[in-house]
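Structure first, commentary second.
The values are calculated or read from the model by the stated rules, or taken from the named source; none is laboratory data. Bear in mind that the values here come from a model prediction, so they are computed numbers and not experimental data. For neighbour counting, all protein chains shown are included, and Cβ atoms are generated from backbone atoms with ideal geometry for every residue, glycine included. Ligands, DNA and RNA are excluded from the accessible area calculation, which covers all protein heavy atoms including side chains. Shrake-Rupley method; radii C 1.70, N 1.55, O 1.52, S 1.80 Å.
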Amino acid sequence: MRTIGVLTSGGDAPGMNAAIRSVVRTGIENDMNVIGIKDGYEGLIGGDVYEMNLRSVSNIIQRGGTILRSARSDEFKTQRGQRKAAEMCRRLGIDGVIVIGGDGSFKGARELSALGIQCVGIPGTIDNDIACSDETIGFDTAMNTVMQMVDRVRDTTESHSRCSVIEVMGRSAGYIALYAGLAVGATAILIPELEFNFKIDVIERMRRTIENGKQHFVIIVAEGIGDSNSMAKQIEDKTGVETRTTILGHVQRGGSPTVRDRVLASQMGNYAVRLMKSSKKSCIIAAQCGQIIDLEIEQALALEKSIDIETYRLAHEISI
Ligand code: ADP
Ligand code: F6P
């Protein structure tokens, strides 16, 4: 009987629980022991684990966060920490580990698999910055949360004829900003992947819309761009429009996952366990054109994700 471990690592994301549920139920249904590892790689190093059963994952599919908790482990970044983690797997009889997390977590999985522990990565991050996968678990929920929050900010922005600069998460990626920005009808969207000219793309754009009657403005800024407060000040100084900044922050990481995230998480968790059953290779699971597939970790990490310029162009063309 194979024993597999499951952990969540890096920033948590809505849908991680649905993925854990899928892993646990698929594993047990396929005659495996499933061990829950708490606090990501930190818990693996310390052996903070428990055996999971079918009921351990009852009533969690709808819950945000992760019942296994998540962590960023500095110790695991060291070779010593990685060796301790691999040794702990051997001591606990864990044959393979399913790692639900982002790019950093997958780099960790690569190191662990080099030490002889099979690892399968499931993309779980609100940032959607995993190159091999069209979508990551948590992205859809985060975009919907941003959309709802911005709609609220817009109400008061309009009442006061103001401009709101709204900063959204994404680390160095602009996917949340781009798609939520399109969905809320932002006047301008600034993302790290595409160069912009603040004067032309924000100030001139606002002036043009003022000329055709617009009185309130929403500017969506990805956090990877820089200081949104100073951008707000520049806007106020150059246009005369009273401007406020809203940094949405961690509200974007919480909440009940959407249908799309629950389905994706269930599919990926199931695929990951089946792969562990049928082969001993380490890999990353991905969604491509509606299909769940797997790639070698090294191959997956070497890919670079590109932003959809058409969507960026569209958002700006219709927000004047
Ligand atoms: P995410 O997985 O969401 O990208 P992080 O970048 O914070 O989040 O990575 C999560 C954890 O993965 C880190 O705290 C660390 O323990 C591990 N990790 C990140 N990068 C590496 C690396 N280059 N080598 C080994 N482990 C890493
Ligand atoms: O990777 C997810 C994410 O929420 C990023 O969008 C953000 O930059 C980062 O994590 C915030 O991390 P922390 O919760 O450690 O402040």
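General remarks:
- Condition check for Q118: closer than 26 Å to L303 by Cβ, more than 22 Å from the chain's Cα centre (by Cα) and surrounded by fewer than 16 Cβ atoms within 10 Å (Cβ to Cβ): no
- Of all residues in the stretch 220-233 being of a type in the set (A, V, I, L, M, F, W, C) and within 22 Å of the chain's Cα centre (by Cα), the one that is farthest from E167 (Cα to Cα): I225
- Number of the exception - R72 against (1) out of contact with any helix residue (DSSP H, G or I) (no Cβ under 7 Å at 6 or more places or on another chain); (2) touching a residue at least 12 places away in the same chain (Cβ under 8 Å); (3) away from ligand 1 (no atom under 16 Å from the Cβ): (3)
- Matching entry among T136, T125 (being touching a strand residue (DSSP E or B) at 6+ places or on another chain (Cβ under 6 Å) and within 12 Å of ligand 2 (Cβ to nearest atom)): T136
- Any chance T26 is at pLDDT 95 or above, of a type in the set (S, T, N, Q), more than 9 Å from ligand 1 (Cβ to nearest atom) and open to solvent by less than 10 Å² (accessible area, probe 1.4 Å): no
- Counted residues, the stretch 66-111 - those being among the aliphatic types (A, V, I, L, M), surrounded by fewer than 24 Cβ atoms within 10 Å (Cβ to Cβ) and under 23 Å from A300 (Cα atoms): 2
- For the stretch 74-84, the condition holds for no residue, the condition being that it is among the hydrophobic types (A, V, I, L, M, F, W, C) and touching a strand residue (DSSP E or B) at 6+ places or on another chain (Cβ under 6 Å).
- Total residues in the stretch 1-34 satisfying the condition of being touching a residue at least 24 places away in the same chain (Cβ under 8 Å) and in a helix (DSSP H, G or I): the figure is 13.
- Qualifying residue in the stretch 79-96 (condition: in the same structural domain as C283 (by TED's automatic domain parsing), within 9 Å of ligand 1 (Cβ to nearest atom) and among the hydrophobic types (A, V, I, L, M, F, W, C)): no
- Any hit, the stretch 47-54, residues being in a loop (DSSP other than H, G, I, E, B) and either within 13 Å of ligand 1 (Cβ to nearest atom) or within 20 Å of the chain's Cα centre (by Cα) (or both): no
- Condition met for A186 (surrounded by 15 or more Cβ atoms within 10 Å (Cβ to Cβ), closer than 20 Å to L248 by Cβ, touching a Leu at 6+ places or on another chain (Cβ under 8 Å) and not β-branched (V, I, T)): no
- Of all residues in the stretch 246-268, those that are over 16 Å from A19 (Cβ atoms), out of contact with any helix residue (DSSP H, G or I) (no Cβ under 6 Å at 6 or more places or on another chain) and within 16 Å of ligand 1 (Cβ to nearest atom) total 2.
- Every test in (1) within 16 Å of ligand 1 (Cβ to nearest atom); (2) open to solvent by 40 Å² or more (accessible area, probe 1.4 Å); (3) assigned to a loop (DSSP other than H, G, I, E, B) is passed by E42 save one, and that test is (3).
- I284 meets all of the listed conditions (1) within 18 Å of the chain's Cα centre (by Cα); (2) surrounded by fewer than 24 Cβ atoms within 10 Å (Cβ to Cβ) but one, namely (2).
- Residue among A265, A315, A302 that is closer than 24 Å to D12 by Cβ and not β-branched (V, I, T): A265
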